[in-house]
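*Asks:* Structure incoming, see below.
Bear in mind these aren't lab numbers, they're just calculated from the coordinates by the rules spelled out. Treat the numbers as computed from the prediction; the structure is a model and nothing was measured. Glycine also receives a Cβ, built like all others from the backbone with ideal geometry; neighbour counts cover every protein chain displayed.
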Amino acid sequence: MADRLQNDPGYRRLKSSLKAYPSHASYWLAADHLLVVDVVGFVERYRQIRLEDIELVLIRPTALRLILGWILGAVALPFAALTGWMLYVGNSTADTDWYVGAAIAGFVLATVLGAWALVMVGGQTCQTRLVTGVQEIRLAGLYRVPRATAFANELRTAAAALAPAAATPDPAPTPLSEVPPADPVSPPIA
Amino acid sequence: MAAREIKCPSCRRPLPRDVAALEALNGCPSCLKPLSVFVLPGYLRGPTTGRAAEKVTGESEATCFFHASKKAVVPCDECGRFLCALCDVQVDQRHLCPTCLESGRRTGSIGTLERSRTRWDIIAWTVNVGLFTCIGAPLVALANLIITVLLWRAPASRVVRSRLWMIVWTAVAVGACLLALAGILADSTS
């Protein structure tokens, strides 16, 4: 097995949402299992889930992106008004101090608008959970509906491809009493 | 097999058990919050169960090393002890006894059982960013050099090129250190 998953032909990376430090996750599909790689702080954790054990993928849309968008919009609005007002007063009085104030307010406005754009582009729109017979795992790296839906479809296809093979149980190992000895004649001890 | 009860992730009330009804869901019938469900083959099959160990019926039969009353079905691929179906743990197409499995997990000799790795590249990055302003470039460069040299052989990330990133962060720290030195020299000569 190759040390890096990218170089391991047995694994294929499933697309997840944008990376965000200090924690992010990636998902790797193998022939019979899903490998969840979670990075939390300075530690990379691995978790294997057998495809035949996965029962459901639940995608619950959330309003977090909209709420954050409205909050940032509400913060940006007074700063936009303040910047505009300072520029207007500066133009009418020809006092350069107003331009300095407008520049400071404009900088805050630009920062808030940048955060707003980030939330709009990459903000959370859903929570994804994977359900097995004994656990319910929240998939932290899948927080956008299109990615989560594509992930669930890929997982379902892989599990369905595995299902006929999994339906036939593994042949039980032959009891030892029925296995002929490998070397019936022991060499004489010198 | 009857599918087990699945609960809504929001209100924890049960969802319909029927596959068609689950797949057709647009929201939880109880709390009405939006929800999409992807059913995988494992839902209908239910949790997989292990084989039961058979009891010994005759004196000629080999018995399990750990359970004297159970029939041995396979030897451990590591230590050769006879194992019953209960004690036989299949890992990477090998049959292992619980003792060898535990020692393999402890020593890290079974790659599949590896649970986590430390991301030294993120630590090096944090040292660069976090300490640069506090203790100055030379100490940061020294700390990064120590991290890179001492931990070069430590297991690297399975997802990103962590060794390459350790070199990059060390180079950045050393570069900053040289720039600072050049600045000091230029100051003293002028």
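*Asks:* So if we plug the beta-carbon distance of B:Leu139 and B:Glu102 into 1/(1 + (r/R0)^6) with R0 = 45 Å, what FRET efficiency do we get, rounded to 0.05?
*Replies:* 0.60
*Asks:* Taking the Cα atoms of chain B, report the difference between the largest and smallest coordinate on each principal axis, in whole Å and largest first.
*Replies:* 95, 59, 21
*Asks:* Still on this structure: Just B:Cys177, B:Cys79, B:Cys11 to compare: in a GNM of chain B, with alpha carbon springs under 10 Å, which one fluctuates most?
*Replies:* In the Gaussian network model the winner is B:Cys11.
*Asks:* Here is a follow-up. Using a Gaussian network model of chain B with C-alpha springs under 10 Å, which one of B:Glu78, B:Glu59, B:Glu102 is most mobile by mean-square fluctuation?
*Replies:* Greatest mean-square fluctuation among the candidates belongs to B:Glu59.
*Asks:* What does the charge count around A:Ala103 come to, taking other residues whose C-beta lies under 14 Å from its C-beta (Lys +1, Arg +1, Asp -1, Glu -1)?
*Replies:* Combined, the nearby Lys, Arg, Asp and Glu give -2.
*Asks:* Treating the beta-carbon of each Lys and Arg as +1 and of each Asp and Glu as -1, no other charges, what is the dipole magnitude of the protein assembly as shown about its Cα centre, to the nearest 20 debye?
*Replies:* With only Lys, Arg, Asp and Glu charged at Cβ, the dipole is about 680 debye.
*Asks:* Now for a separate question. Can you tell me the relative contact order of the range A:69-117? Whole percent, Cα pairs under 8 Å, sequence separation 6 or more. All intermediate terms of the calculation are to be shown ahead of the outcome.
*Replies:* Values: 38 pairs, mean separation 24.4, N = 49.
About 50 percent, as a whole number.
*Asks:* Using the crude model of +1 on Lys and Arg Cβ and -1 on Asp and Glu Cβ, and no other charge, please compute the dipole size for the range A:16-132 relative to its Cα centre, in debye to 20.
*Replies:* Once rounded to the nearest 20, the dipole reads 160 debye.
*Asks:* So which aspartates and glutamates pass the test for B:Lys70, namely a Cα distance under 15 Å, with those fewer than 8 places away in the same chain ruled out?
*Replies:* B:Glu54, B:Glu59, B:Glu61, B:Asp88
*Asks:* So, counting K/R as plus one and D/E as minus one, what does the shell of residues with Cβ under 10 Å around A:Asp38 add up to?
*Replies:* Around A:Asp38, the charge tally is +1.
*Asks:* Using only Cα atoms, locate the centre of the range B:46-92 and the centre of the range A:66-133, then give the distance between them in Å, rounded to an integer.
*Replies:* Between the Cα centre of the range B:46-92 and that of the range A:66-133, the gap is 66 Å.
*Asks:* To one decimal place, what orientation-averaged projected area in nm² is obtained for the convex hull of the Cα set of the protein assembly as shown? Before the final figure, lay out each step's value.
*Replies:* Values: hull surface 134.9 nm².
Across all orientations, the protein assembly as shown yields a mean hull projection of 33.7 nm².
*Asks:* Only Cα pairs within less than 10 Å get springs; with that Gaussian network setup on chain B, which residue of B:Pro155, B:Pro41, B:Pro138 has the largest fluctuation?
*Replies:* Between B:Pro155, B:Pro41, B:Pro138, it is B:Pro41 that shows the largest mean-square fluctuation.
*Asks:* At 0.36 nm per residue, and after removing the present C-alpha to C-alpha distance, how many nm does the segment from A:Tyr99 to A:Ala115 gain when stretched out fully?
*Replies:* Extending this stretch completely gives an extra 3.4 nm.
*Asks:* By the gyration tensor of its Cα atoms, with a ≥ b ≥ c the square roots of the eigenvalues, what is the shape of the range A:20-82: rounded for a/c under 1.5, prolate for a/b over b/c, or oblate?
*Replies:* Numbers: a/c = 5.45, a/b = 2.26, b/c = 2.41.
Note, shape of the range A:20-82 comes out oblate.
*Asks:* Here is a further query. Quote the relative contact order of chain B in percent (integer), defining contacts as alpha-carbon pairs under 8 Å separated by 6+ residues.
*Replies:* 11 percent
*Asks:* For n ≥ 4 DSSP H runs only, could you compute -39500 (n - 2.57) per run for the protein assembly as shown, divide by its residues and tell me the 222 nm figure to the nearest 500?
*Replies:* Taken over the protein assembly as shown, the calculation gives -14000 deg cm²/dmol.
*Asks:* Between A:Leu66 and B:Leu179, with labels modelled 7 Å along Cα→Cβ, what's the label distance in nm to one decimal, could you check?
*Replies:* Output for this residue pair reads 4.6 nm.
*Asks:* Count, for each residue of A:45-52, the Cβ atoms from other chains sitting within 10 Å of its Cβ, then give me the mean as a whole number.
*Replies:* Per residue, the number of nearby Cβ atoms from other chains is 4 on average.
*Asks:* For the range A:69-117, what size does the Cα cloud have along each of its three principal axes, sorted from largest down, in whole Å?
*Replies:* The Cα atoms of the range A:69-117 stretch 36, 13, 10 Å along the principal axes, largest first.
*Asks:* Cut-off under 21 Å on the C-alpha distance; same-chain residues fewer than 8 positions from B:Lys33 excluded. Which lysines are left, in chain and number order?
*Replies:* Excluding near neighbours in sequence, the set is B:Lys7.
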